[in-house]
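Scroll down for the structure; my scribbles are underneath it.
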Amino acid sequence: MRNRFFLSQIGRMAGVMVLAGVALLFVLAAPQIGSGAPSRAPAAESAAITPAISYQGRLLHPTSGAPQNGTFTFVFRLYNVAEGGTALWTETKDIAVSNGLFTTLLGDVTALPTSIFDGQNLWLGVKVGTDAEATPRQRIAAVAYALYSDNADRLDGQDSTAFAAASHNHDDRYFTEAESDARFVNATGDAISGSAAGPVLSVTQTGAGAGGYFTSTASYGVHGETASSANGIAGVRGSAGLPGVTITGQYGVLGQSDTGRGVTGVSRDSNGLYGWSTNTWGIRGEGEWGGVYALSYGAGSDAIRGVNTATTGSSWGVVGTSASPTGRGVAGFNSAATGTAEGVYGNSSSTDGRGVSGYAGATTGATYGVYGQNVSNNGAGVRGDSSYVGVWGDSSGRWGVYGRSTGATNSYGVYGTVSAGTGNYAGYFSGNVNVTGSVSKGSGSFKIDHPLDPMNKYLYHSFVESPDMMNVYNGNVTLDDSGAAWVDLPAYFEALNRDFRYQLTPIGGPGPNLYIAQEVQGNRFLIAGGAPGLRVSWQVTGIRQDAYAKANPIVVEVNKPVEERGALLHPEAHGLDRSYSLDAKLHSVPLDQPSTYDVGVAATEAQKAANAAAQATLQTIQE
């Protein structure tokens, strides 16, 4: 088939030659196509035709206009731009010129790349000898009837890519043009069906694009449904890589991946993924590292939100379980470097509700209903804020609240502080208190209901203080006929005490000659020098020498550690405010940290409430 092209204009060369009256003839190798059924040229004929462009021209002298004679070197180039650019094809040849006229076939020396004749505009550049390329370039234009050749390789206006080859495989069968149209999908919604074990339709994409893309203006882009009840069967299943585990159960959508995401959902204004079920999980994820992964970018938004509208039963918005000895049923992480960032947040509106509830069902082992861990030097593993009880511990076994610290200095198993005010206590114990270590205090007393007015008054008595770890023993004794008396002390007295001191006071009469006739020996001492029958009040003190006292002696005067210098235990007693207190210096965080219900968090809570209200109405699944 031949398509005739003409150069659009004549160009003047920069050197000594002028091209005039040139024309092109483009020769195609494709077979001629007429009306009716398509026919194919013999293979030998098709192979013999070489694509070429017939080019004719006249070469004149630029000054005299005389026609030129002789052999000249021509360079032909094809471009897709009128000026500049890179040549798509170049051919150099010697052409004989007679009386200014010459003719040649472009492409007989260097083959023309037929791929460039794809409908784009093309320009021919011509160069003679050492002269520069003639300007302007000559645009290649089609003869009018040749325009129809653009449809030569189409059927009913459709490109060949719109059709399958006669040997195309459908359901392990090869369908030909003579077979039923019902085996092919067309615009009327014909179905593909099969009964073999393999896929009815298989699409393989080896490039960078998607394997398939489906869109609908009024319903589902893709709808999957299965009637099978076998494990691992899904209405729609997507897999990536080689799944490492076997998925059991039946699912509307099943996504599997060994390295990426089995299912990814993205939405700008609604739910990235939405699942709904009448009797089990709306969305369920299983994975060797993570079952479900959610990411949220919106301010005040939730990466995962669980909502349960049931008004009865043990129903949960979010449930997490783990079978790993070191796993976590639910784990929350917050990577924010500032602010009251919460790894896990719980909220309840019930008058008997729990914002966060933890339960450990094992009957043995060191288990925890709620466990908090913190690596900050000024943080807390668990913190509770409340207008009533910040942290509540209740136990039917041993400890309601247990505190333990392994720090080297300024470390406390349980630490309590309180602001100034009447009736405020850093620690309040209703019942007996047992302390196995030493106690340091600013002052001490007993407090009881007043014996004379117990319903309206309290009675306080101060502790007796001493720089020594002193024990005091006292009593009354009556002197015998010789004016003497033995006083027996507890059997442990000498084992517990040392450095004894004595006091004697006569009762009912003078006893100027009373004295200690024998000091403590064998856990007893002897009083003498009094009148027979005289009553004597006695007191003996001793300094503790037990193992604990020897290991932990009280040092009366000590220099404050460097980190405590400049701070006071009781700044108010010195007329100073709390900023001078040791608490403020050593424990400003988290003790002085604002409650999580500050202005910023309150705004976040308001946003979360707005989000919850916007999603209060459950979406209806359209069948």
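The values are calculated or read from the model by the stated rules, or taken from the named source; none is laboratory data. Remember, predicted model here, so these are calculated numbers, not experimental data. All Cβ positions, even for glycine, are placed from backbone atoms using ideal geometry, and neighbour counts span all protein chains on display. Only protein heavy atoms, including side chains, enter the accessible area calculation; ligands, DNA and RNA are left aside. Shrake-Rupley method; radii C 1.70, N 1.55, O 1.52, S 1.80 Å.
Write down the accessible area per residue of region 411-564 in Å², having rolled a 1.4 Å probe over the full set of protein chains.
Result: 72 Å² of accessible area for each residue.
Give, rounded to the nearest 20 debye, the magnitude of the charge dipole that region 414-560 has about its Cα centre when Lys and Arg contribute +1 at Cβ and Asp and Glu contribute -1 at Cβ.
It works out to roughly 400 debye.
Please state the shape class of region 310-436: rounded when a/c is under 1.5, otherwise prolate if a/b exceeds b/c and oblate if not, all from the C-alpha gyration tensor.
rounded
If Lys and Arg each add +1 and Asp and Glu each add -1, what is the summed charge of the other residues whose beta carbon sits under 11 Å from the beta carbon of LEU582?
Once all neighbours under 11 Å are counted, the net charge is +1.
Could I have the simple spin-label model distance between THR409 and THR110, label points 7 Å from Cα toward Cβ, reported in nm to one decimal?
Label-label distance for THR409 and THR110, simple model: 8.5 nm.
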